[in-house]
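The values are calculated or read from the model by the stated rules, or taken from the named source; none is laboratory data. Bear in mind the structure is a predicted one, so any value in this text is a computation, not a measurement. Quick reminder, even Gly has a Cβ in these numbers, built from the backbone with ideal geometry, and neighbours come from all protein chains shown. Note: accessible area is taken over every heavy atom of the protein model, side chains too, but ligands, DNA and RNA are not part of it. Shrake-Rupley method; radii C 1.70, N 1.55, O 1.52, S 1.80 Å.
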Amino acid sequence: MVAPDVQPLAVPLEYPVYCKAGTLNDAGALIAQHAPAHRYVIISDDTVAPLYAQRLMQQLPPDATHLFTIPAGEQHKTRAQWISLTDAMAQQGVGRDSTVIALGGGVVGDLAGFVAATYMRGLPVVQIPTTLLAMVDASVGG
């Protein structure tokens with residue numbers, strides 16, 4: 001129970017949400033505007049990456065962008081995948097000057113968000129959801 005004279009701390013969270021057809025074509029400019037970085041890490045799954053990752057990667061610096069792909073499916077949202085991703089990021093020299101980009105559905109968004117939150121005490125994360133449920137989850141759950 002909270003004492004009656006203790007007021008909750010209000011922490012305003014502001015972030016833009018873009019929702020329009022063709023936004024993926026503008027993603028590079030939007031990412032550079034809202035989450036500029038020296039390196040970019042795209043986390044996607046083996047279903048979504050073949051469809052959209054190349055288009056996104058063409059908009060980011062080629063020598064500073066890394067794509068990491070996980071198997072699709074809820075069963076792959078695991079600690080082992082988190083370890084694999086963070087180890088691969090460390091091997092590629094990803095540091096505090098980096099931004100994580102989640103490209104995919106809910107599993108990708110959840111896992112990439114957790115990777116971003118825990119890697120080197122936290123990195124900026126950009127959610128690019130590819131399903132309706134992931135869009136709702138990313139816009140209010142992040």
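The Cβ shell under 15 Å around Pro62 holds other residues with a net charge of +1, Lys and Arg each +1, Asp and Glu each -1. Relative to the longest principal axis of the Cα atoms of the chain, the long axis of helix 79-91 makes an angle of roughly 60 degrees. Our coupling estimate for segment 66-73, obtained by passing each phi through the Karplus curve with A = 6.51, B = -1.76, C = 1.60 and θ = phi - 60°, is 10, 10, 10, 10, 10, x, 6, x Hz, Gly and Pro reported as x. For His66, the residues 5 or more places off, or on other chains, whose built amide H falls under 5 Å of its own are Tyr40, Val41, Ile42. Share of carbon and sulfur in the accessible area of the chain stands at 59%, probe radius 1.4 Å. Using the 1.4 Å probe convention, the accessible area of segment 3-142 works out to 59 Å² per residue with neighbouring protein chains retained. Summing charges over neighbours of Pro124, with a neighbour being any other residue whose Cβ is under 14 Å away from its Cβ, gives +1 when K and R count +1 and D and E count -1. Taking the C-alpha atoms only, the angle from helix 132-141 to the longest principal axis of the chain is near 40 degrees. Peptides 56-66, 42-52, ordered by how many other C-beta atoms sit within 10 Å of their residues on average, highest first, read 42-52, 56-66. Report, by chain and number, residues whose modeled amide H sits under 5 Å from the one on Val126, excluding near sequence neighbours (fewer than 5 apart, same chain). Those lying under 5 Å, H to H, from Val126 are Val100, Ile101, Ala102. Counting only Cα atoms, the size of segment 4-123 along its three principal axes is 55, 34, 28 Å, in decreasing order. Between segment 104-127 and segment 17-64, what is the separation of their alpha carbon centroids in Å? So the separation of the two Cα centres works out to 14 Å. Every helix of 4 or more DSSP H residues in the chain counts as -39500 (n - 2.57), and over all residues that averages to -11000 deg cm²/dmol at 222 nm. The mean of 1/r over all distinct Cα pairs in segment 88-130, once inverted, gives the Kirkwood hydrodynamic radius of 10.4 Å. Around the amide H of Thr47, modelled in the peptide plane, lie the amide H atoms of Ala72, all under 5 Å away and 5 or more residues distant in sequence or on another chain. Listed values for segment 53-64 are Karplus-derived 3J(HN,Hα) couplings in whole Hz (6.51 cos²θ - 1.76 cosθ + 1.60, θ = phi - 60°), namely 5, 4, 4, 6, 4, 5, 9, 10, x, x, 7, 10, and x replaces Gly and Pro. Between Gly93, Gly109, Gly122, which gets the highest mean-square fluctuation from a Gaussian network model of the chain, Cα cutoff 10 Å? Among Gly93, Gly109, Gly122, the largest mean-square fluctuation in the Gaussian network model of the chain belongs to Gly93.
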